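Some notes on the structure that comes next.
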Amino acid sequence: MAVGRAHGRPAGAHPHLRPRRAARRVAAAGRLAACQVRRPPQPPPDRQEPTVSAPPTDVDVLVVGGGPVGLLTGILLGRAGLQVAVVERWPERYPLPRACTIDHEALRILQAAGVMADHADLFEPSVGARGGYQFRNGEGELLMAIDWNRPAESGWANTNGFHQPSLEAVLEDLAVTTPGVTVHRGWSFASTDQDDDGATTLLTGEHPVSVRSRWVIGADGANSAVRTHLGIEVGDSGFEADWLVVDYRPLVEQEWDAFVVQHCDPRQPATAVKSGPGRRRFEFMRRDDVTPEQLGQESTAWALMAPFGVTPETAELERHAVYTFRGRWAQTWRVGRTFLAGDAAHLMPPFMGQGLCAGLRDARALAWRLALVHRGLADPAVLDSYGPERAGHVREIIDEAVAAGRVICELDPARAAARDAEMRRALADPSDTKEPPHPRLGHPSITVPGQDAAGRLAPQARVRVDGVTSLFDDIVGGDWQLIGRATTPELDDDTAAWFAGLGGTVTAVSPAGPVVDVDGAYGAWFDAHDCDVVLARPDFYVFGVGVAADVPALLTQLRVALTVAGR
Ligand SMILES: Cc1cc2nc3c(=O)[nH]c(=O)nc-3n(C[C@H](O)[C@H](O)[C@H](O)COP(=O)(O)OP(=O)(O)OC[C@H]3O[C@@H](n4cnc5c(N)ncnc54)[C@H](O)[C@@H]3O)c2cc1C
């Protein structure tokens, strides 16, 4: 296997780890250098000037936390016409990359926020042998492959490498230029008091300040002060492992035959991943004979990467830091007028590359609901479905990530050998690749009950209109999308006016046009789901499907779902 093999690597370097040598060097590094596990953030090339801004004034929504989820939530709410303040405790953006892969659904959400129009080049699509995502044992033998190269239903590559600080810089620029959105750095959430009409939130900064808002969103990360203040309990998978994360820029061209490899080697579990254009990442699990302090040394990073041919001569180190990977979730996502989103609501080990993706889904799912309720187009009871829908979905992904972690993090040689034998048996056909997880929304959900497609992702693909070819959302768009296979679904005048008021669009996508199904993707999707019409929600999940005659009933069901309280 060629992952990690570098052209021009020093003599003796080998693409597989040499655990004995690596272990000796780790121990030596620990003795020689001062212990510094969680190092202070290192500046990225585009380091921003620290700014402490004026405190916010009263708004519709106060978002606590200016990480990627808080910023995206602010942008989406601002684009929907709400007044939003995003408050962030630190004067500077967090400069270290954490997420380094992002999926197609998250890119469609970023497309909706205006990111992809000018910044699609931030993302490097997954390519590589055996679906791109490989699990190999200590001898380099393939144990499992996941198809990260598959054509994905959202119109973007299934999985993409990227640099999180660069994305956060784009999100912050977009947030501060979105009408109705302000970002306030240097202000920390302290407490919130809720009443029938809104919430009064106390922030601390240069001085204490109270902000009145209709709703509050806690997007304040894993140690969420909002979650703690609300007394929300946290469930725990029991999974916990320390990993060293090392990001670097290759100085010589490197041949990687996969996009990600999990080296399930009990001597030294490791991950190699293409982490965006011009960047690579290795992650190394802490073994029992290594302290967190030893693992956090720069010399340890070089020692562990050397067997992969990555040395100071072949790579420029961008950063290294130790993280503890866990699988956790908030037991409730809403208390009154306050909601949780992102890492405040869920944490997972990064082995499926889904933590941030899940947070971006939260942002979209919450923003469309708040926007409709704010405009009086949906009953406030619609907000009740946010937590159950998102929690059901993310729990499945946390379970997958934890299960992958238990495979990868096995340090016992006998148990690892048994695991290998079992996985070899499961990989009966060596050309098999597994599908990545596609959970459906949890329940109760705002979908048509009893339909297999409902609560699953709706398609986006290329269409051509008047000679212009682009993705559907860029050409036709629509918050709610009613799409027919051959003929444009027909609505009576009252329903058409109501649906247009929601931001709905009604289209037919067919080989003949006028909206042309360029790649046949819509036709294939309708075939796969045995239907002729799909009604998709603003977060790109299917509300319901049917045939042309079902359209009036489908729209009536949506109207009832949005306007009748107490679903
Ligand atoms: C090593 C590693 C690898 C990962 N890889 C992937 C991956 O490949 N793909 C993926 O999808 N995900 C991945 N993740 C997960 C991903 O990085 C996180 O899910 C994501 O960054 C969470 O974003 P967030 O906005 O919810 O939280 P954060 O980014 O933590 O932002 C929260 C913000 O709230 C602020 N804040 C906190 N308290 C307060 C307060 N009291 N008042 C005001 N502000 C406050 C913080 O300063 C912070 O800026 C990875 C994570 C790690 C650690």
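Any read-out appearing in this document is the output of simple, stated calculations on the displayed coordinates, not a laboratory observation. None of the values given here were measured: they were computed from a predicted structure. Don't worry about glycine lacking a Cβ; one is built from the backbone with ideal geometry, like all the others, and counts go over all protein chains shown.
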Considering only C-alpha atoms, what is the centroid distance from segment 331-408 to segment 505-540, in Å? 27
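Nearest 20 debye, what's the magnitude of the dipole of segment 462-563 about its Cα centre given +1 on Lys and Arg Cβ and -1 on Asp and Glu Cβ?
120
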Rg (one decimal) and Dmax (whole number) from the Cα set of segment 59-167, in Å, equal 17.3, 58
Segment 462-563: equivalent-ellipsoid semi-axes (sqrt of 5 x gyration tensor eigenvalues, Cα, Å): 22, 15, 12
For A496 and A381 in the same chain, what is the full-extension length gain: residue separation times 0.36 nm, less their Cα-Cα distance, in nm? 39.0 nm
Could you check the spin-label model distance between E313 and A418? Points 7 Å from the Cα along Cα→Cβ, value in nm. 4.4
Counting other Cβ atoms within 10 Å, which GluC sites (Glu not before Pro) in segment 179-246 have at most 14 and lie in a DSSP loop? E206, E233
Taking Cα pairs under 8 Å and at least six residues apart, what relative contact order does the chain come out at, in percent? 17
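Are there GluC sites (Glu not before Pro) in segment 276-321 that DSSP marks as loop and that have at most 12 other Cβ atoms within 10 Å, and which are they?
E313
With a sphere of radius 15 Å drawn around the Cβ of R212, what net charge do the other residues whose Cβ falls strictly inside it have (Lys, Arg +1; Asp, Glu -1)?
-4
Gain in length, E92 to A486, computed as 0.36 nm per residue apart minus the alpha-carbon separation, to one decimal in nm?
My answer for the length gained is 136.7 nm.
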With charges only on Cβ, +1 for K and R and -1 for D and E, what is the dipole size of the chain about its Cα centre, in debye, rounded to 20? 1860
How many nm separate the modelled label positions at T291 and E139, each set 7 Å beyond the Cα in the direction of the Cβ? 3.7
Between the residues A301, T182, M423, the Cα farthest towards the positive end of the dipole of the chain, that dipole coming from +1 and -1 charges on the beta-carbon of Lys, Arg, Asp and Glu, is from A301
With Rg and the Kirkwood Rh both taken from Cα atoms, where does Rg over Rh land for the chain? 0.98
The chain: angle of helix 164-177 to the longest principal axis, Cα-based, in degrees nearest 10: 30
What is the extension gain from L251 to D452, computed as 0.36 nm multiplied by their sequence separation minus the C-alpha to C-alpha distance, in nm to one decimal? 67.4 nm
Let me know the Kirkwood hydrodynamic radius for segment 277-354, please, with Cα pairs as the basis and the value in Å to one decimal. 15.5
Put +1 on the Cβ of each Lys and Arg and -1 on the Cβ of each Asp and Glu in segment 82-146; which of V87, Q134, M144 then has its Cα farthest toward the positive end of the dipole? V87
Where labels lie 7 Å past Cα in the beta-carbon direction, separation of D429 and Q331 in nm: 4.5
Which whole-Hz couplings ³J(HN,Hα) result when phi for each residue of segment 438-445 is put into the Karplus expression 6.51 cos²θ - 1.76 cosθ + 1.60, θ = phi - 60°, listed in order with x for Gly and Pro? 10, x, 9, 4, x, 10, x, 10
Under 9 Å from the Cβ of W243, count the other residues' Cβ atoms, weight Lys and Arg +1, Asp and Glu -1, and hand me the total. -1
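Net charge around S126, counting only other residues with Cβ within less than 15 Å of its Cβ (Lys, Arg = +1; Asp, Glu = -1)?
Net local charge, S126 excluded: +1.
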Among W525, G504, A486, which residue has its Cα furthest toward the positive end of the charge dipole of segment 462-563, with +1 on Lys/Arg Cβ and -1 on Asp/Glu Cβ? W525
